[in-house]
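First the structure, in the form of structure tokens, and then the observations on it.
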Amino acid sequence: MNKMFKKVTSSTKNAENKQHSSVNSRDATLHHLYNMVRQEGTEEAHKELHEHIEMRMRTDRIFETIFEDVNIEETIQPTKFDCLRFLMGAYEAHCENFNDYSLKHVKYLSNHCETAEPSHIFEAASAFASICQ
């Protein structure tokens, strides 16, 4: 048997024996902070985890409030990038900068740009201002 093949086969078997876990990239910070609480248990670690969870809940609440009737079952390929930039800018100007977690909500903005009337686009931007201020 080829030496290279033996090496690859051996590596594959070792990898299969290891316990695997994967984390969605949007949840990596949450898992990191949770593990810090488990390992260290300090007040600071608890505080950071709590603040991160509050940020996630706040972000979810904002998008659920504005896009409560939207059910995205199929992804629409974005074409109206000026609109998308406008809504993303409104969110960042009135709420907070996008982060790994909040980027998951961009699909709502994109869908809104592709399907809504222009007047509804401005209503969504105004809603960010009223909810976040």
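The values are calculated or read from the model by the stated rules, or taken from the named source; none is laboratory data. Owing to the predicted nature of the structure, the values given are computational and were not obtained by experimental measurement. With ideal geometry, Cβ positions are generated from the backbone for all residues, glycine too; neighbour counts draw on all protein chains shown. Just so you know, the surface numbers come from the protein's heavy atoms only, side chains and all, with ligands and any DNA or RNA stripped out. Shrake-Rupley method; radii C 1.70, N 1.55, O 1.52, S 1.80 Å.
In loop segments of the stretch 58-97 as defined by DSSP, the GluC sites (Glu not before Pro) with at most 10 further C-beta atoms inside 10 Å of their C-beta are Glu68, Glu73, Glu74. Modelled this way, with points 7 Å down the Cα-to-C-beta line, the labels at Arg58 and Asp100 are 1.9 nm from one another.
Computed from the C-beta positions of Glu74 and Tyr34, the FRET efficiency with R₀ = 41 Å rounds to 0.80. Surface composition of the stretch 36-133: carbon plus sulfur atoms contribute 48% of the solvent-accessible area (1.4 Å probe, protein chains only, all chains present).
For the pair Ala93 and Ser130, the difference between a 0.36 nm per residue extended length and the Cα-Cα distance amounts to 12.1 nm. Applying the Karplus relation 6.51 cos²θ - 1.76 cosθ + 1.60 with θ = phi - 60° to the stretch 60-71 yields 3J(HN,Hα) values of 4, 4, 4, 6, 5, 5, 6, 10, 5, 8, 8, 10 Hz, where x marks Gly and Pro. Which shape class, rounded, prolate or oblate, goes with the stretch 62-133 when its Cα gyration tensor gives a ≥ b ≥ c as root eigenvalues, a/c under 1.5 marks rounded, and past that a/b bigger than b/c marks prolate? Rounded shape, in that the Cα axes give a/c under 1.5.
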